[in-house]
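Okay, so here's the structure we're looking at.
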Amino acid sequence: MRKIILVIGMALCVISYGQQRQRPWLKAMEDRMSDDEKEMLKAIYAPTIVATPLEDARRSVCVMPDGEIRCYGSVQRTETSPKGKAAYLSSIDGGLTWKLYYSRGNMGAATYIPEKGIFVTSTTDAEGTWFLISKVGPEDPDPVRVKVSSYRFSDCFQPTKSDFSDRIFFTGQRRNERNESVPTFIYTDDYGKTFHLVELPHPPKPEIAYPHKGIRWSNDCGTEPMACELRPDLMTMLIRNATDTFYQSYSKDGGTTWSHPEPSVFQGCITTPFMLPLSDGRILNFWNNTRPLPELDHETQMPPLAETVKDGTWEDVFTNRDAAHAALSEDGGGTWTGIREIYLNGIRNNADFRYVGGVLYSLDKSVHQFQAFELPFNKILVTFGQNPVSRRMLIFDLDWLKETGRQDNFIEGLGGLSTFVYVKSISGSAEAYAGNGHCAWNRTNGALLVPDPEGGYSDVLQLSKYPDERLFNDIQGLTWNFPASHEGEVEIGFFLAEDTMRINLTDCWFNPCDPYVASQSQFSTDLTADDVPSGAWHTLLLKYDPEWVEVSCDGKGVTRLKAKKNSPLGLSYLNIQCVSDSSYSKGTYIRLLKKR
């Protein structure tokens, strides 16, 4: 029944690629750029960092009518002045370079509505939620304030003007009498004079089931909804929740009514999505295609947890916020290309992860939460993340998402892999834990680049095992992303030194040290010296389709595996782990990862 619902939902979304939507800032940006700046922007292909935003991503960026891009936030925060000084970054060359200015207005980032020549945004205070309107712009010291609701909606996205009507809408959530988050669609059809609120059902709370031994954070199971127009009157909404899959709802009347939320094809747990309709009708989705470690037994977990963590009111720890993803649809959400990592958290292997960057800006050092804008020349500007050490703004070309292959031989280090292991850490969000227990376990390097065991002058990656009582577990592994596909070949250049190499092909990011990757992946196999030669370099080939994977070594068949579950968006991840019953193991060396 679930499959039927999903198919029907996607069938509703079909849109003719090429339907134009007005994005007046595109021409304004291009007109103000010099010839050199245009060439520099055109030259960007793969994701390229251009700035560090001044606050956590979600709603801090806006585009002015003349093509200037602004990113609002604050600077100069200290323990005695925790709010710092209001400021914004400004770019007048399409996002290539940025200059800092102090902000003296009372509006901040806002959406420009060209039909009325006004800027609009939303805000909250003790009296409820407000809609701000200004003809001056983000620096207006006294914008018009219109009461939206006595409810205080949190985590709202910036208002969006419909491409097909006068409707302006935004989304958020409020707490109900059961302390649950209620996803809400808020809209006005008269440019802010009156507002309508449409509440959606709260997605179901997860139950304790394998491989979990405790409950996840459950009360925030309907938070941070994100709505996107697919075509005239047809909209979709993705809703963050505590299951392994985003929930999705549809509206066939422009947001006035919504279908009951159902599981979507997008995986992700307790993270925030962002969908962006492009001027030519294509749709981008940004999200964290990641799986957290299974929940531990919270009754026996040490150090002990607060009762509000044990019962799911709050989370014990986030372990799935180190990889940010994007996908492109050319048929209004029917099919998706890419499912690629646009960024891996730059501090993901940091041994001081929990404390690096401090706590004055954000406790969560993640790369979740997104906001994005279209740029000239097929480029996209996206901002994401929390805390200055991990949040970033980058530009990439849409054609990069349409690549079908990838290769990594570690010539540029481990920038394209996740290899960390966790250190035993305080968990939970109780005040006694300094407030950062639920945001970060410390971690350190697991797999390392070492000299080739056969000599030579190239480094290779070693997955090994050694006892260390300080670690969460002694599993070393790698997690590597490639462009998603339903059929393909993955090549691994390997040297089996000792014991067993575990190979997992799957459709989402897993922690490299997750002991349950094999049971949660589409394909998994353990290879020993009885299956593949040891003590020398060899080539392993994994040739897959939706139902089977053929495993061969140096051209000779090794095994044939049947898929354990479906992969709606195709496979996009390789996970390799060192598996050994002994305390010490030299494990496996890897020198090449290649998908074609």
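The values are calculated or read from the model by the stated rules, or taken from the named source; none is laboratory data. All of these numbers come straight from a predicted model, not from anything done at the bench. All Cβ positions, glycine included, derive from the backbone under ideal geometry; neighbour counts span all protein chains shown.
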(request) Go through the stretch 544-561 and count every residue that is surrounded by 14 or more Cβ atoms within 10 Å (Cβ to Cβ), of a type in the set (D, E, K, R) and in contact (Cβ under 8 Å) with a residue 40 or more places away in the chain. (result) 0
(message) Just the residues that are within 21 Å of Ala326 (Cβ to Cβ), without any contact (Cβ under 8 Å) to a residue 40 or more places away in the chain and not aliphatic (A, V, I, L, M), please, taken from the stretch 230-267.
(response) Arg240, Asn241, Thr245
(request) Considering only the stretch 263-291, state which residues are of a type in the set (Lys, Arg) and either under 14 Å from Lys213 (Cβ atoms) or in a strand (DSSP E or B) (or both). (result) Arg291
(message) It is to be established whether one or more residues within the stretch 202-217 are in the same structural domain as Gly312 (by TED's automatic domain parsing), among the charged types (D, E, K, R), free of Cβ contacts under 8 Å to residues at least 40 places away in the same chain and not in a loop (DSSP other than H, G, I, E, B).
(response) no
(request) Kindly indicate whether Pro294 is part of a loop (DSSP other than H, G, I, E, B) and free of Cβ contacts under 8 Å to residues at least 60 places away in the same chain. (result) no
(request) Of the conditions (1) of a type outside the set (Val, Ile, Thr); (2) crowded, with 22+ Cβ neighbours inside 10 Å; (3) modelled with pLDDT of 95 or more, Arg216 clears all except one; give me its number. (result) (3)
(request) Would you be able to say whether some residue in the stretch 453-464 is outside any strand (DSSP E or B) and either among the aliphatic types (A, V, I, L, M) or under 24 Å from the mean Cα position of the chain (by Cα) (or both)? (result) no
(request) List the number of the failed condition for Ser582; all other conditions in (1) modelled with pLDDT under 95; (2) within 30 Å of Phe246 (Cβ to Cβ); (3) hydroxyl-bearing (Ser, Thr, Tyr) hold. (result) (2)
(message) I'd like to check something: does the stretch 532-543 contain any residue that is over 20 Å from Phe482 (Cβ atoms), modelled with pLDDT of 95 or more, touching an Asp or Glu at 6+ places or on another chain (Cβ under 6 Å) and surrounded by fewer than 18 Cβ atoms within 10 Å (Cβ to Cβ)?
(response) yes
(request) Given the conditions (1) out of contact with any strand residue (DSSP E or B) (no Cβ under 6 Å at 6 or more places or on another chain); (2) surrounded by 14 or more Cβ atoms within 10 Å (Cβ to Cβ); (3) among the charged types (D, E, K, R), report the number of the one that Asp166 does not fulfil. (result) (2)
(request) For the stretch 506-514, state whether one or more residues are within 19 Å of Ile339 (Cβ to Cβ), under 32 Å from the mean Cα position of the chain (by Cα), without any contact (Cβ under 8 Å) to a residue 60 or more places away in the chain and not in a strand (DSSP E or B). (result) no
(request) Keeping to the stretch 313-349, report how many residues are over 16 Å from the mean Cα position of the chain (by Cα), farther than 25 Å from Lys205 by Cβ and charged (D, E, K, R). (result) 2
